[in-house]
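The values are calculated or read from the model by the stated rules, or taken from the named source; none is laboratory data. These numbers come from a predicted model, not from an experiment. Glycine gets a Cβ as well: all are built from the backbone with ideal geometry, and neighbour counts include every protein chain shown. Each accessible area value is taken on the protein alone, full model and side chains, heavy atoms only, with ligands, DNA and RNA left out. Shrake-Rupley method; radii C 1.70, N 1.55, O 1.52, S 1.80 Å.
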Protein chains: 2
Amino acid sequence: MEIMESITGGKSRYHHGDLRNALIEAAVELAAEGGPERVVLREAARSVGVSPTAAYRHFNGQGELLEEVKIHGQQALAASMSEAVRVLPGLDDPGEEAVRRTEAIGRGYVRFAIEHPGLYRTAFCRTSAAEEHDFTGLEVPDGSPEFAAFRELSDTLDTLVAAGRMRPDNRPAAEVAAWSAVHGLSLLILDGPLALLPADQRDAVVERTLTTIVAGLTRQ
Amino acid sequence: MEIMESITGGKSRYHHGDLRNALIEAAVELAAEGGPERVVLREAARSVGVSPTAAYRHFNGQGELLEEVKIHGQQALAASMSEAVRVLPGLDDPGEEAVRRTEAIGRGYVRFAIEHPGLYRTAFCRTSAAEEHDFTGLEVPDGSPEFAAFRELSDTLDTLVAAGRMRPDNRPAAEVAAWSAVHGLSLLILDGPLALLPADQRDAVVERTLTTIVAGLTRQ
DNA sequence: CACAAGATGTTAACGGCGTCAACATAGGAA
DNA sequence: TTCCTATGTTGACGCCGTTAACATCTTGTG
């Protein structure tokens, strides 16, 4: 398989060259604009300039296209969380550092939801492909990049225990508690009763919620 | 306006008599089966035995029908929370009672989500009618029955403060933190990574999460 | 180099959806 | 009784996802 000299080659060609990715890109844009219900196969095809049925050469159907966008959203979310941690200053007290890091992860999570509501909602939308990974807090899958951030959370929680800031018997399900809090908070802000809260009040509520959940996790 | 002797009168009549409620009922059933995306106007009409456009005499369109179902779901959720509290035994220590009550409210919330996933998802689905109520934790709207349970949570949190189990400066946004936790937990269980967790492990995670969030709220 | 075969894209069509316009009927008030 | 209005019906439109049948490009092989 030679590399097609096409891609941006010129003149409208019968074969697109990279239709799959082009469709995903278009679909991501749609999702960013209007969430999962907005990613409609025909519109993605239209915006790429191709017939609707062409998509079926690259996806099993709309569901599979949506799944692709979903993965993209999960990765972007993970990146936001990682970035929030990366930016943190180092501290002398490792326990304090772990606490700050935990809060930062949560902040990055909520921040992404607020800044990219469509993608965030898509990342957690229901899809027919219900083959979800599961973890109780003990078994953390690795490899899949969308879970890199989750791994980061998990490690940070371990650090909390190691530094004596969290009781070991609190450790199991700690990531579920943390994740639940930021996930719920994000959705209450996006779709729920906190939707029309002015930004400054909203941020205050976010900070207070982060503080509360971390307090719960680190209670001795 | 005389009462129509119809309703269950007999013989197929041209005028249904209570089509609006019949459609809502059908739509609720659909939502219970498959969530918000399942409440399709034509199917509701079909199951009532009426033409699709008949619905337009009673609703502005599918969105308004969905909105009706949404309200129904919110009320059912509130009922589940209230029931969980009602069932609690009284305690001598009012502080301890308030703590138990807070946990019970959360348990009732998550329990409803697990037992009625379709209705729960519908209760929180996005609808065009974005005229949501908002509250920062200070201003709690009353009247609307779907918020009765929220009022109950708010009162319970007040009791926590009064009994000296919660620092007053922790009070603001406390309901947001509590709500976020149970909401996020419910969604992680329904759609997210905890979906395939066996029931007993799932219940354990729920209990641990409730404990953690209450610990955060009541930390001195 | 020729050419068959597979990969990739197109057109046409189906059924289902939400919605609108035009028409039909029933029930109550005058 | 008669007419008005509330309520329901039929028919049509454009959108969606999806399938089947056909067209064109690309590539490996003789």
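Results, tabulated for the structure shown:
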{"item": "Rule-of-thumb Rg ratio for the stretch A:19-62 [Cα; 2.2 N^0.38 Å; N residues]", "result": "1.00"}
{"item": "Kirkwood hydrodynamic radius (C-alpha pairs) into Stokes-Einstein, the stretch B:44-107, 25 °C and 0.890 mPa s, D in µm²/s", "result": "166"}
{"item": "Rounded accessible area of B:Cys125 (nearest 10 Å², 1.4 Å probe)", "result": "20"}
{"item": "At q = 0.09, 0.13, 0.16 Å⁻¹, base-10 log of I(q)/I(0) for the stretch A:69-218 (Debye sum, equal scatterers on each alpha carbon)", "result": "-0.27, -0.58, -0.89"}
{"item": "B:Ser82, B:Ser180, A:Ser47, reordered so the largest accessible area comes first (probe 1.4 Å)", "result": "A:Ser47, B:Ser82, B:Ser180"}
{"item": "Over the stretch A:69-218, relative contact order from alpha-carbon pairs under 8 Å, at least 6 apart, %", "result": "30"}
{"item": "Peptide-level mean, for B:195-201, of C-beta atoms on other protein chains within 10 Å", "result": "3"}
